[in-house]
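A.B. asks: Here you go, one structure.
Derivation of every value follows stated rules applied to the coordinates shown; laboratory data play no part. Please read all numbers here as calculations on a predicted model, not as lab measurements. When we count neighbours, we look across all protein chains shown, and the Cβ atoms used for this are built from the backbone with ideal geometry, even at glycine.
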Amino acid sequence: MKQHIGEFVKEYRQSHALSQTEFAKSAGTTQSLISAIEQNNYGRHLNMRNAEKLAKAMNMTLSKLLEKVDF
């Protein structure tokens, strides 16, 4: 079963001892977007471009991320 993107991002970030700000910086996005994703309140702000940034920050391809998560 796939995990929700917000849970996946939060677990990844916490397991790597990163704050939302640190993770956002590594992903090239904002802390507010990371917070919204983790709270499942991202609306249309989580597009494929941002999903690709998240995947890259987690050292995986976008296709691998999409295999692991639901939106």
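A.B. asks: May I ask you to work out the translational diffusion coefficient for the chain at 37 °C, viscosity 0.692 mPa s, via Stokes-Einstein with Rh from the Kirkwood sum over Cα pairs, reported in whole µm²/s?
C.D. replies: The calculation lands on 280 µm²/s.
A.B. asks: Mind putting a number on the dipole of the chain about its Cα centre? Charges go on the C-beta only, +1 for Lys and Arg and -1 for Asp and Glu, and I need it in Debye to the nearest 20. Could the numbers behind the result be given before it?
C.D. replies: Working: 10 positive and 7 negative charges, 40 e Å.
The dipole of the chain has a size of about 200 debye.
A.B. asks: Under a cut-off of 17 Å between alpha-carbon atoms, report the lysines in cross-link reach of Lys56, not counting same-chain residues fewer than 8 places apart.
C.D. replies: Lys10, Lys25, Lys64, Lys68
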